[in-house]
Each structure stands twice: as C-alpha cells, then as structure tokens.
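Colleague: Input: one structure, supplied below.
Coordinate-derived values only; no laboratory data. Predicted model only: the values in this text are computed from it and were never measured. Cβ placement follows ideal geometry from the backbone for every residue including glycine, while neighbour counts extend to all protein chains displayed.
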Amino acid sequence: MKFLFICGSLEPGRDGVGDYVQHLSAELIRKGHEVMAVAINDRHIKTEFRGVQAFTGTEVPVLRLPSVIPEKQRYMEVKSCREDFRPDWISLQFVPYSFHNKGLPYQLNHLLKLIGREQRWHIMFHELWLGFSSNSPMKDRIIGFLQRSIISRFVDFLKPELITTSNLLYKKLLESNDIRTVILPLFSNIPVAPRDDQFTNGFLAKIGINSTNRKEWRLFGIFGNIYPDSSLDNAIDEQLEITEKLGLKSAFIGVGNLNVFGLNEFNRLENKYGKRMTFIHLGIQSQEKISNVLRMLDYGISCTPSEHIGKSGVFATMKLHGLPVILPKHDYERDNDEETQHYNDYFMKRPAYTWEVSYVTDYYIRLLTDKNVINKSIL
C-alpha cells in the first residue's frame, strides 16, 4: 500500500509526533509499503525541503514545508504531492498546536479540502482539546471548547474510514462527541540494544555498585523530561519506605533531555532526598546508551499521569525493555477512574514484544484492511 502521512514537523529529535511518523514510516517501508511523510507547518526550517531523511537505518521520503510559507500555498503543495504520489491512504497525525501556533487550526476544513476530501483518510489523535478536566482553568475551557468544535467539524467533513488514538481517556472523550475511535497503542522509539558491559559496569562503579553488591541496591530511573504534574515525590516516598525496610540502598537515575523546569525539579528532588538515595542524571545520550541504562534499572518511574500513560512513548520504551513501571499517584481523579485503572492494569501486563514498532505496525495494517478487527475489542 501507499501511505501519505501529514504532521506538523519532521525535525528529527525535536518533535515527538514527527519522530513517531518517521519511525512508523520506516517500518512500513521495511515491510514493503511506499510512504511519503509531509510536514505541513515545520517551524525548524526556513525553506522547503524535499528529499529523504534516514531514520532507524531506513531512508524515508519527506516533504517539509516551513511555517513561514503562506498557509494556503503549503496545502496546495501537499495537494500536488498527493496527486503525484497517489496514495491509498492519507493519515493525518493530529496535534492542535502542530497546525496552528495557538492551537486553533480553524481553517483546517478548507485546507484539507484542497488536499482531497474524496481520499481514504485515517486520523490519529495524539492530542485533543484543553480543559476537559473538572479542575481546568476557565481559559483552558474556552480554548478547549473551540478546539473541540474544530475537531468535530473536520472529522464530519473528512468522514475518515479509520480514527485512532493512543489511550482510553482520549477514546472516551472522542466518543462522547460521537467520534468512533479505536486505540492504536504507541511503540517504543528506542529499540533494545546489545549489552554494553563496559558502559554499564563503568556507570555502576561510579555509584559504588559491582557484581558482588548489586543485590544490595534498588535502581529507579526516569527517561525524558519531568513535567509539572509528574508528582514524583509520591513515588519516591513510597519506594524509599519499601527499600529502607528491606535494608537496601537506592539510586535515582535520569537520562534524556531536561528543559529548565525539568532540571530544576530534578535538583529539587536531589536536595530533598539526596541524603537517603543517590541521584545521577546522564543527560542526552545515544539510543544505544539509553537502552543500556534502562536495562540496568530495577524499576522505571513514569512522569506521565496514569490516565495518560497510553500516550507516553517513554512508558512504551520502558515496557519494551521489560521494566516494571511505577505510576505516581495524582490528586486528579476522573469519574471513569476505575475503568482507566483496569485498562492501565492491562497495559502493564502486555508482553514486551507488543511494544515493538513492528508489532504495532502490523496491527495498524490490520485496522486498515480488516473491518472485523475494528469491530472487536481493543487489541
């Protein structure tokens, strides 16, 4: 089959959805399909780029249209690309702020019409609208109302054959607005790398761990950024209590990029708990080293609220690496919390191989080609 993916940006390592599209595209190409990935509002370039980008060892054909080009012109470029490529499916990878700086892509209906309403469309909702929680500020509720209206309009306009999202919460929100949705789980962006004993042993030695005393330690870790609602104190308090009762030492290890808030939060946690556990942050590392860090941990700690873990690529990466993942408790509770918890329990029990890009891609193909799969229960 031939796939045309549309997203906001395709700058490697700078846009989560863009990396998702390139990873999925590369896997589809490896499976014998043809792909064109289009960035329709790329803020990371100033001039149009048409060519290939290597991703996980596979060259992915891309068209990157910078945000500085007038909007209508960008969509006309996509129309021309679609006419030349003649895809079987067009997949819109939706995040409100990818298509409009203020998250209000109010012209989306008109612009998508230029690409071709008569095509076979798939929409993947990576993000929805603001303000859906009971404690959301009024500003978010107003913006969310507008975003929800925009989504309802362009879904009704396109009449896509398949609509997917990554988690139960978003599925329920969409279906409460009469948008039938199927869960397509995320996959890990970090493959399991071969063991690098030199790196692993060298890192553990800095903490004071060796082959003879490893069982005296419990290693906890985070991957990626820390967000304002991560609530890591709850998880650390709980795990320290368990660890200290067992008479074990513990270390809190971070890897990946931290923004200013994340760095301040990591330092705050170290100042608060540093006398009871060792803190180390490795910063940005190669995929191979990230994989080896995850493989040396005993537990991963999610920085994503439990109702959102289905949309967390970090959670998927930890699960692929066989890690038990700790979900911090949060003050926010929804009416469907019991159902969400049940689904999270199911997520926790999924085997590691189901978080591989190959497995999820095969499921995606089945959703597109076999209507019976859509009509069955999720996964």
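Colleague: Can you list the residues, at least 5 places off or on another chain, whose amide H is less than 5 Å from the amide H of Phe279, using H built in the peptide plane?
Modeller: Distant-sequence amide H within range of Phe279: Phe252.
Colleague: Would you mind counting up the charge near His126? Only other residues with Cβ under 14 Å from its Cβ, with Lys and Arg at +1 and Asp and Glu at -1.
Modeller: Overall, the nearby charge balance is -1.
Colleague: So, one more: Starting from the Cα of Lys215, draw a straight line to each of the aspartates and glutamates and keep only those under 18 Å, dropping any in the same chain fewer than 8 residues away.
Modeller: Asp197, Glu241, Glu244, Asp298
Colleague: A further question on this structure: Using amide H atoms built in the peptide plane, which far-off residues or other-chain residues are under 5 Å from Val38 H to H?
Modeller: Amide H neighbours of Val38, under 5 Å, 5+ apart: Phe5, Ile6, Cys7, Leu63.
Colleague: Report the calculated FRET efficiency for Met138 and Leu246 (r = Cβ-Cβ distance, R0 = 41 Å), to the nearest 0.05.
Modeller: Result of the calculation: an efficiency of 0.30.
Colleague: Under 18 Å from the Cα of Lys2, which lysines turn up, not counting those fewer than eight places away in the same chain?
Modeller: Here the lysines satisfying the reach criterion relative to Lys2 are Lys31, Lys79.
Colleague: If you line up the long axis of helix 138-158 against the longest principal axis of the chain, both from Cα atoms, how many degrees apart are they, to the nearest 10?
Modeller: Computed tilt is about 50 degrees.
Colleague: Then there is this: Which trypsin sites (Lys or Arg not before Pro) from region 270-328 combine a DSSP loop assignment with at most 14 other Cβ atoms within 10 Å?
Modeller: Passing sites in region 270-328 are Lys275, Arg276.
Colleague: A further question on this structure: Could you calculate the FRET efficiency of Glu339 with Asn234 from 1/(1 + (r/R0)^6), where r is the beta carbon distance between them and R0 is 25 Å, rounded to 0.05?
Modeller: 0.70
Colleague: I would also like to ask the following. Between helix 357-369 and the chain, what is the angle of the helix's C-alpha long axis to the longest principal axis, kept within 0 to 90° and rounded to the nearest 10?
Modeller: 30 degrees
Colleague: If only Cα atoms are counted, what is the Rg of the chain, and what is its Dmax, in Å?
Modeller: Cα radius of gyration and Dmax of the chain are 21.7, 66 Å respectively.
Colleague: List, in the order given, every pair from Lys102/Lys319; Lys172/Lys371; Lys206/Lys272; Lys46/Lys159; Lys172/Lys349 whose Cα-Cα distance in the structure shown is over 24 Å.
Modeller: Long pairs (Cα-Cα over 24 Å): Lys102/Lys319; Lys46/Lys159.
Colleague: Okay, moving on. Can you give the Rg and Dmax of region 197-352 based on its C-alpha atoms, in angstrom?
Modeller: 15.4, 49
Colleague: In addition: Quick check: the angle from helix 232-245's long axis to the longest principal axis of the chain, C-alpha only, nearest 10 degrees?
Modeller: Its long axis makes an angle of about 30 degrees.
Colleague: So, with +1 on the Cβ of K and R and -1 on the Cβ of D and E, and no other charges, what is the size of the charge dipole of region 221-287 about its Cα centre, to the nearest 20 debye?
Modeller: About 260 debye.
Colleague: Another one. Run the dipole for region 197-352 about the Cα centre, Lys and Arg Cβ at +1, Asp and Glu Cβ at -1, nothing else charged, and hand back the magnitude in debye, nearest 20. Kindly include the intermediate steps, with their values, before the conclusion.
Modeller: Values: 18 positive and 20 negative charges, 172 e Å.
Approximately 820 debye in magnitude.
Colleague: Which ³J(HN,Hα) values, rounded to whole Hz and listed in residue order, are derived for region 299-314 from phi using the Karplus coefficients 6.51, -1.76 and 1.60 in 6.51 cos²θ - 1.76 cosθ + 1.60 with θ = phi - 60°, glycine and proline given as x?
Modeller: Going residue by residue, I get 9, x, 10, 6, 9, 9, x, 4, 6, 10, 5, x, 9, 9, x, 5 Hz, with x marking Gly and Pro.
Colleague: Next question, about the same structure. What is the local net charge at Ile209, summed over the other residues whose Cβ is closer than 12 Å to its Cβ (Lys, Arg +1; Asp, Glu -1)?
Modeller: Net of charged neighbours comes to +3.
Colleague: Which ³J(HN,Hα) values, rounded to whole Hz and listed in residue order, are derived for region 277-294 from phi using the Karplus coefficients 6.51, -1.76 and 1.60 in 6.51 cos²θ - 1.76 cosθ + 1.60 with θ = phi - 60°, glycine and proline given as x?
Modeller: The phi angles translate into 8, 7, 10, 9, 10, 8, x, 6, 9, 5, 4, 5, 6, 4, 4, 5, 4, 5 Hz.
Colleague: Hey, another quick one. Work out how much length Glu59 to His110 would gain on full extension: take 0.36 nm times their residue separation and subtract the Cα-Cα distance, in nm to one decimal.
Modeller: 15.2 nm
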